[in-house]
1. Give segment 1-35 a look and list any residue that's surrounded by fewer than 17 Cβ atoms within 10 Å (Cβ to Cβ), assigned to a strand (DSSP E or B) and not small (Gly, Ala, Ser), or say none.
2. Condition first: over 22 Å from Gln26 (Cβ atoms) and either open to solvent by less than 60 Å² (accessible area, probe 1.4 Å) or among the aromatic types (Phe, Trp, Tyr) (or both). Now tell me which residues in segment 92-118 satisfy that.
3. So which residues in segment 8-32 are near ligand 2 (Cβ under 8 Å from one of its atoms) and in contact (Cβ under 8 Å) with a residue 40 or more places away in the chain, if there are any at all?
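The values are calculated or read from the model by the stated rules, or taken from the named source; none is laboratory data. Remember, it's a predicted structure, so these values are computed and weren't measured experimentally. Please note: Cβ atoms are built from the backbone with ideal geometry, for glycine as well, and neighbour counts cover all protein chains shown. Protein only, heavy atoms only, side chains kept; ligands, DNA and RNA dropped before computing areas. Shrake-Rupley method; radii C 1.70, N 1.55, O 1.52, S 1.80 Å.
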Amino acid sequence: MYTDHAMSCTFCKIIDGKIPSTAVYQDDLGYAFADVNPQAPVHVLIVPREHIGSLAEADQSQRDLLGHLLLAAADIARKKGLGNGYRIVVNTGEEGGQTVDHIHLHLLGGRPMTWPPG
Ligand code: 5GP
Ligand code: ZN
């Protein structure tokens, strides 16, 4: 899909192949790739092909898409052998620590997680 976002959004560029990435999973709705700055032995980002700025901008019309991505994350975790557990994070907005304005799920695993997060 060629939109304004495709020109300016880092993750739209990754989806379009304009920025290289290490693919982990893909289907018609989403794309998953290794985080360039991993915070755990397994750190995968799962994004919709459709540009959605953040969870705060999502609406009911995207309910199935978001559910699909969440289940894809669980599937990736299974395939990565994260049977002892993992963490899914959706940083949202400035105070939520979101730095790329294209909604994404972080899948983190392969080490014990602490709580609360920073
Ligand atoms: P956020 O801080 O928005 O929740 O997460 C953005 C994530 O995207 C960060 O973990 C960061 O390392 C990752 N990231 C930013 N730019 C790139 C990139 O060009 N390629 C990849 N693979 N990951 C990126
Ligand atoms: Zn985008």
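1. Within segment 1-35, Tyr25, Gln26 meet the criteria.
2. Once the filter is applied, which keeps residues that are over 22 Å from Gln26 (Cβ atoms) and either open to solvent by less than 60 Å² (accessible area, probe 1.4 Å) or among the aromatic types (Phe, Trp, Tyr) (or both), segment 92-118 yields Thr92, Gly93, Gly96, Gly97, Gln98, Met113, Trp115.
3. Cys9, Thr10, Phe11, Cys12
Residue-by-condition table, conditions (1) among the hydrophobic types (A, V, I, L, M, F, W, C); (2) surrounded by fewer than 16 Cβ atoms within 10 Å (Cβ to Cβ); (3) modelled with pLDDT of 95 or more:
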{"position": "Asn37", "(1), (2), (3)": "no, yes, yes"}
{"position": "His51", "(1), (2), (3)": "no, no, yes"}
{"position": "Leu55", "(1), (2), (3)": "yes, no, yes"}
{"position": "Ala58", "(1), (2), (3)": "yes, no, yes"}
{"position": "Asp64", "(1), (2), (3)": "no, yes, yes"}
{"position": "Ile76", "(1), (2), (3)": "yes, no, yes"}
{"position": "Leu82", "(1), (2), (3)": "yes, no, yes"}
